[in-house]
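The values are calculated or read from the model by the stated rules, or taken from the named source; none is laboratory data. Remember, predicted model here, so these are calculated numbers, not experimental data. Neighbour counts are summed over all protein chains in view; Cβ atoms, including those assigned to glycine, are modelled from backbone coordinates with ideal geometry.
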Amino acid sequence: MIPSPFEYERATSVANAIELLSQGGEDSRLLAGGHSLLPLMRLRLARPSLLVDIGRIDDLRYITSEGDHVVVGAMTTHHELADSRELGEACPLLAATARQIGDPQVRHRGTIGGSVAHADPASDLPAALLALDAEIVIEGADGSRSVAAADFFQGPFMSDLRDGELLSAIRVPVTRGGASYLKFQRRAQDWAIVGVAAVVESEGGAISRAAIGLTNMGGTPVRAGAVEEALVGAGDETSIAGAAARVDELDPPPGDDQATPAFRSHLASVLIRRAVASAMA
Amino acid sequence: MTRISLSVNGVAHDAEVEPRTLLVYFLREQLGLTGTHVGCDTSSCGACTVLVDGRSVKSCTMLAAQADGAEITTVEGLAANGSWHPLQTAFHEQHGLQCGFCTPGMLMASVSLLAEDPDPTAEQIRHGLEGNLCRCTGYQNIVTAVLAAAEEMRSAPGGR
Amino acid sequence: MATAEKTATRYVGGGVLRKEDPTLLTGQGTFVESITVPGMLHAAFVRSPYGSAEITGVDTSAASAAPGVVAVFSGEDLADEWAAGLPMAWPVTDDIRIPDHWPVAKDTVRHVGEAVAVVVAGTRAQAADAAELVVVDYDERPAVVDIESARADGAPKVHEQYENNDSYTWTLTNGDVDAAFAKADVIVKERYTQPRLIPNAIEPRAVLVRPTPAASDYTVWSTTQIPHIAKVLFALTAGIPESKVRVIAPDVGGGFGSKLNIYAEEIACLVLARRLGAPIKWVAARSEDYVATIHGRDQIQHIELAADAEGKILGYRANIFANMGAYLQLVAPGVPLLGAFLFCGTYGGEAYHFECTGVFTNTTPTDAYRGAGRPEATFAIERAIDTLAREIGVDPAEIRRRNFLPKGEMVQSPGGLAFDSTDYEANLDRALEILDYDAVRAEQAARRSSGSSRLLGVGFSTYVEMCGLAPSQVLGSLNYGAGGWDAATVRMLPTGQAEVVTGTSPHGQGHVTAWSQIAADALGVPYEDVLVLHGDTQVAPHGMNTYGSRSLSVGGIAVHNACGRVVDKARRIAAHLLEVSPEDLEFEAGTFSVKGVPDRTKTIQEVAYAAWTAHALPEGEEPGLTAHHVFDPPNFTFPFGTHICVVEIDTETGEVEIVRYLAVDDCGNVVNPQIVDGQVHGGVAQGIAAALFEEASYAEDGTLETSSMLNYLVPSAAEMPAFELDRTVTPSNSNPMGVKGIGEAGTIASTPAVANAAIDALSHLGITDLEIPLTPLRVWSAIQDAKGGAT
């Protein structure tokens, strides 16, 4: 199918993009890699009046270190995240997660900024950002602001991003410890039925700190606080499994054709156990 | 209308496109390069895969306008100097195609895959082609063909 | 030298590379969507969003005023254009209910996606834009989407004029079934569901009609498997003389039965081209294809086996309910009949009763999808015989061995047909040997006893299928609306090449290659010198097309036999030229030589030239070296084989992973091993997909929930295992080449092998049944239930 007609502007800079957005009115949308928006437009489920293409703003495409943080430009593709040696060392979770998004073609075009701004609860990166305590950097007509990932995701396809704003970068602390992203899906190219992002620090075989982000376990990515607390001090398979089972204490996840709420919770506990083990390996 | 300049299979084009024109329809209908096929409307099947600046992309999920300034390679541009790309030869020799509709996308996805990993295992090839659907072959001969082409390309001096 | 030459020209059975590939590999294929003609307009259909509704009004005014729009028609506007409704060619019983099925609905819609109006515009985008502006008022009615709901008391009626939703009931009885069950020691009773499947040929459907108004004729390019059948039915449905319709099936991107039909859009574009005097093109979007192209399977099966204490089957009962969807598509009622003769599988017995009821629902019509009836039947018998094995405590390989029909020719099946050639036990033995069955069982036991969360299971499917459709008389006795023959014309060109014109219509199967092999051998010419023409009713006027694994064993034989006639004529001409009698000539590798005088020769190419110049032909011989043959086989063919699947089940997640898949097929003599293997690969993949991934689902209101490739799970390479293949060769006696057919065998065999393997893996937990597809949710839930846990 062919999208409905729309106007198209190619932004030359972040400021230009924000200006174009403000001129375009409320049906204006930013176009990053297009891998969330264009499929909806092809099915005519989205009908923007204006697309502001930020794909050529090279200033938004980078991976760089800033002290104990890594900063990733919004227009960095999933492939670039997966392929970056620097990111693989400083923040292996982000690279591992990016590697599991969609398929190679999607990873070549899809961007971290577009994916995060879309705020799809089944999308992989948001859970990883949550587990990483990432900050989301947003530019608007009135300047720049930064929001914690925990505050950014507000509901299915709803975020703290306001009309006229542009998500410009993601800041993540350099990871201490090990990390893993595990995803349960039917086909490799599918969205996650459940995804688990785990960051684990351990001392002498026992976990000293754990951060667990969950994909598709609610209307937003979910931080599994009860599990994280229970994981501290755990080390062997039984204690990790016991901690993982506390995913039951979270709000019940959604049910659909692929998974009932009970099955989804169960999968999450299995995947948490495996992800933690993999992060500690 | 939006003005774009791009290179397709080494040929420079300047064109006016409606903003909503998907890259695949620009290639097929404005340039007459009908080797790139459309098999779905959800970015699922990969039949429309082309190379954009050397990397595989689903041309149904990209506006022609977004391709301004890019170098595009389609299946029509795969053979060089009158001789087939090793992947084309391998698909032929290994019976990696039946109806041939998914084939251009499979080939282009495979070119990109081998550019990123010249020596993949069968399992890595299967995952590297996870964005391309074929309903005829059961994939086995496609995987065999990509393995064979990879070997050929590694052994060919100055391979492609 | 002569021997070497003979070997060098033996193409059948050898490894030649496909002639189809070069254009397809370079982007030079000709698919319908790629064909353009001057002045072409584009059609877009407005489709019902409701499963069941009255149309109370269609307002086309806004759409008509939209940019680029040439015309907009409602169903009412087009009502006088059709000479008949969409055709149904298999009225299986005399009292079958066949509802009217108009290409564009006039007053009632009965499934989501049924066309209610059509827009014609200058570009595809303009047509799509304007289609959104057509305002259709509906009065929604209750819908019914599944078989059992449709047959319940008080169910909403899909067709008001009938007293219920049944279309027909067809029965078949062989022997005294009640007596067989009365004396049984063991009776197995099972109920299976066959999910609804979406065929998903990767090329969506498309059609282009070019009229020549002054000549009142029409050229139709369509993504069809059946150009010849379509020509007849297009003419009858649109009310155009058959001689004025030319149908071309160019490169067609897969079919699997989904393009073995006559579709609303084909007929609509034809009448629009007539009405507007302009070429009309329509190309389906995939999501549109999902509601407007036939679906497959969707049956509920009740099967019973009666056996003695040793597990020897005495009798069979099968009672089938088949979801027809909202209307009867081309051969839909006959699909279960194609399975009717196979519910006894490769096994013997005394008696068999089969009953099938076709049921209307508010869903996209179903019809033949790869295997058509036989995968359903094979699933039922192969699952049920495993249940029998478990009940009497016998190994699944052993229970099959005890029940196999004997090795032989024309072996009578309790299903009612005589199987051309059988040798089931040797085939099973070969498979078991490759598998190393004992080792797999040992590993299975070790995993179980160690408490592993990755359990192993082995599943068998020792199938037989029925293809090569088939004797026209038999098809007639089943009320099928067409013949089972196919035709070929073979012409030697003056320069020595051969043109083969075939009535089969390939869409991926490699007929150009295989027919070239057959003709090259039969005529003794190089493979490269054979040109195969097909798929255009003006080029190949006679054909019954490609479906039901019939092409080689019917159309390929026609090629073989037509070549034989060419050689016969060439022999007479060569004899005349060599001044000997025809009986004095030997023919080998394309050369006629006088017996005992090997240097007195004429090649077939020399004869072809002589036949063309016609300067010195025998008395009464016509110029030219051409022959035509129409082959109507004396029997179906019955390929068989053993498929064995080994799965690993992750009991924590319910995931089923295939760790080995072994297929040992017997399709008789093999023309092209590479193509045969490719057909098995693809067939097995589709059967595995049905076992593990694919299921179309409808909401109660008739909405197709699995509405795109995003949620109807066509697997990719990443989800498919590698396959291990081997063959046994038991030639058919249904045709002179001893070939059987292989296009559907993989799909027919594989689904039950996978299901049986999964059940085998979990059988020690007391699990005896799992519905397909084996989703993680289903498998995990079954394990929880077996453990007594809650899901």
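Out of the stretch B:7-36, which residues are touching a Gly at 6+ places or on another chain (Cβ under 8 Å) and of a type in the set (Gly, Ala, Ser)? Steps first, answer last, please.
Keep residues of the stretch B:7-36 that are touching a Gly at 6+ places or on another chain (Cβ under 8 Å), which gives B:8-10, B:33-36.
Those that are touching a Gly at 6+ places or on another chain (Cβ under 8 Å) and of a type in the set (Gly, Ala, Ser): B:10, B:35.
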Seminar exercise, completed: Considering the stretch C:682-730, residues that are touching a strand residue (DSSP E or B) at 6+ places or on another chain (Cβ under 8 Å) and in a helix (DSSP H, G or I), and then whichever is nearest to the other protein chains (Cβ to nearest Cβ), we arrive at C:684
Seminar exercise, completed: Within the stretch A:99-119, the residues that are closer than 15 Å to residue A:215 by Cα, more than 9 Å from chain B (Cβ to nearest Cβ) and in contact with a Gly (Cβ under 9 Å, 6 or more places away or on another chain) are A:100, A:101, A:115, A:119
For this session: Inspect the stretch B:128-135 for any residue being aliphatic (A, V, I, L, M), more than 10 Å from every other protein chain (Cβ to nearest Cβ) and either closer than 30 Å to residue C:661 by Cβ or touching a helix residue (DSSP H, G or I) at 6+ places or on another chain (Cβ under 7 Å) (or both) and give the result as yes or no.
Result: no
Exercise. Looking at this structure, is residue C:746 within 30 Å of residue C:423 (Cβ to Cβ) and buried (at least 23 other Cβ atoms within 10 Å of the Cβ)?
Worked result: yes
Exercise. Right, residue A:1: at pLDDT below 95 and assigned to a loop (DSSP other than H, G, I, E, B) or not?
Worked result: yes
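Conditions tested, residue by residue: (1) over 16 Å from the mean Cα position of the chain (by Cα); (2) at pLDDT below 95; (3) surrounded by fewer than 22 Cβ atoms within 10 Å (Cβ to Cβ).
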residue: B:86; (1), (2), (3): no, no, no
residue: B:96; (1), (2), (3): no, no, no
residue: B:115; (1), (2), (3): no, no, yes
residue: B:118; (1), (2), (3): yes, no, yes
residue: B:132; (1), (2), (3): no, no, no
For this session: State which residue pairs qualify: first residue closer than 17 Å to residue B:37 by Cβ and facing another protein chain (nearest Cβ under 7 Å) and inside the stretch B:61-88, second residue surrounded by 24 or more Cβ atoms within 10 Å (Cβ to Cβ) and polar (S, T, N, Q) in any location, beta carbons under 7 Å apart, and separation of 6 or more residues or different chains.
Result: B:61/B:43; B:74/B:36; B:75/B:36
Problem set entry | Test: residue C:516 is at pLDDT below 95 and of a type in the set (S, T, N, Q) | no
For this session: For residues that are facing chain B (nearest Cβ under 10 Å) and either free of Cβ contacts under 8 Å to residues at least 60 places away in the same chain or over 23 Å from residue B:91 (Cβ atoms) (or both), tally how many sit in the stretch C:653-677.
Result: 1
For this session: Scan the stretch C:53-68 and give yes if some residue there is outside any strand (DSSP E or B), touching a residue at least 12 places away in the same chain (Cβ under 8 Å) and under 36 Å from the mean Cα position of the chain (by Cα), otherwise no.
Result: no
Exercise. Is there any pair linking a residue in the stretch C:499-518 that is farther than 15 Å from residue C:566 by Cβ to one that is in a loop (DSSP other than H, G, I, E, B) and of a type in the set (Asp, Glu), with Cβ under 8 Å and at least six apart or on different chains, and which?
Worked result: C:506/C:20; C:510/C:20; C:512/C:20; C:513/C:20
For this session: Output the residue which, of all residues in the stretch A:33-54 that are under 22 Å from residue A:101 (Cβ atoms) and more than 9 Å from every other protein chain (Cβ to nearest Cβ), is nearest to the chain's Cα centre (by Cα).
Result: A:36
For this session: With respect to residue C:742, determine if the residue is more than 9 Å from chain B (Cβ to nearest Cβ), of a type outside the set (S, T, N, Q) and not in a loop (DSSP other than H, G, I, E, B).
Result: no
Problem set entry | Selection status of residue A:17, under 18 Å from the mean Cα position of the chain (by Cα), part of a helix (DSSP H, G or I) and either facing another protein chain (nearest Cβ under 9 Å) or in contact (Cβ under 8 Å) with a residue 24 or more places away in the chain (or both) | no
For this session: Could you list all residues from the stretch C:160-169 that are of a type outside the set (Gly, Ala, Ser) and within 16 Å of residue C:366 (Cβ to Cβ)?
Result: C:165, C:166, C:168
Problem set entry | Per-region count, the stretch C:576-612, residues acidic (Asp, Glu), over 15 Å from residue C:497 (Cβ atoms) and in a helix (DSSP H, G or I) | 2
Seminar exercise, completed: Checked C:76, C:114 against criteria (of a type in the set (D, E, K, R) and surrounded by fewer than 22 Cβ atoms within 10 Å (Cβ to Cβ)); the one match is C:76
Seminar exercise, completed: With criteria (1) closer than 18 Å to residue C:678 by Cβ; (2) crowded, with 24+ Cβ neighbours inside 10 Å; (3) small (Gly, Ala, Ser), residue B:47 comes up short on (1)
For this session: Take the stretch C:353-362 and flag every residue that is crowded, with 24+ Cβ neighbours inside 10 Å and over 20 Å from residue C:260 (Cα atoms).
Result: C:354, C:356, C:359, C:360, C:361, C:362
For this session: Only residues that are more than 20 Å from the chain's Cα centre (by Cα), surrounded by fewer than 24 Cβ atoms within 10 Å (Cβ to Cβ) and not in a strand (DSSP E or B): list them for the stretch C:291-348, please.
Result: C:308, C:309, C:310, C:311, C:312, C:348
Exercise. Is it true that some residue in the stretch B:104-117 is within 12 Å of chain C (Cβ to nearest Cβ), over 30 Å from residue C:672 (Cβ atoms) and not aromatic (Phe, Trp, Tyr)?
Worked result: no
Seminar exercise, completed: If we ask which residues in the stretch C:29-49 are at the interface with another protein chain (Cβ under 10 Å from one of its Cβ atoms) and either modelled with pLDDT under 95 or touching a Gly at 6+ places or on another chain (Cβ under 7 Å) (or both), their number turns out to be 2
For this session: Could you check, for the stretch A:214-225, whether at least one of its residues is at pLDDT 95 or above, of a type in the set (Val, Ile, Thr) and outside any loop (DSSP other than H, G, I, E, B)?
Result: yes
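If you go through the stretch B:47-63 one residue at a time, do you hit one that is farther than 14 Å from residue A:105 by Cα and modelled with pLDDT of 95 or more?
Going residue by residue through the stretch B:47-63, those that are farther than 14 Å from residue A:105 by Cα are B:63.
Adding the requirement that they be modelled with pLDDT of 95 or more leaves B:63.
Yes: one or more hits.
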Exercise. If you check A:174, A:196, which single one turns out to be aliphatic (A, V, I, L, M), within 14 Å of another protein chain (Cβ to nearest Cβ) and either under 18 Å from the mean Cα position of the chain (by Cα) or closer than 30 Å to residue A:51 by Cα (or both)?
Worked result: A:196
For this session: Scan C:790, C:757 and give me the residue that is at negative phi and at pLDDT below 95.
Result: C:790
Seminar exercise, completed: Taking first residues from the stretch B:28-52 that are facing chain C (nearest Cβ under 9 Å) and within 19 Å of residue B:16 (Cα to Cα) and second residues anywhere that are at pLDDT below 95 and outside any loop (DSSP other than H, G, I, E, B), the pairs with Cβ under 9 Å that are 6 or more apart or on different chains are none
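Would you mind finding the one in C:138, C:162 that is closer than 30 Å to residue C:273 by Cβ and of a type in the set (Ser, Thr, Tyr)?
Details: C:162 fails: closer than 30 Å to residue C:273 by Cβ.
Of the residues listed, the single one that is closer than 30 Å to residue C:273 by Cβ and of a type in the set (Ser, Thr, Tyr) is C:138.
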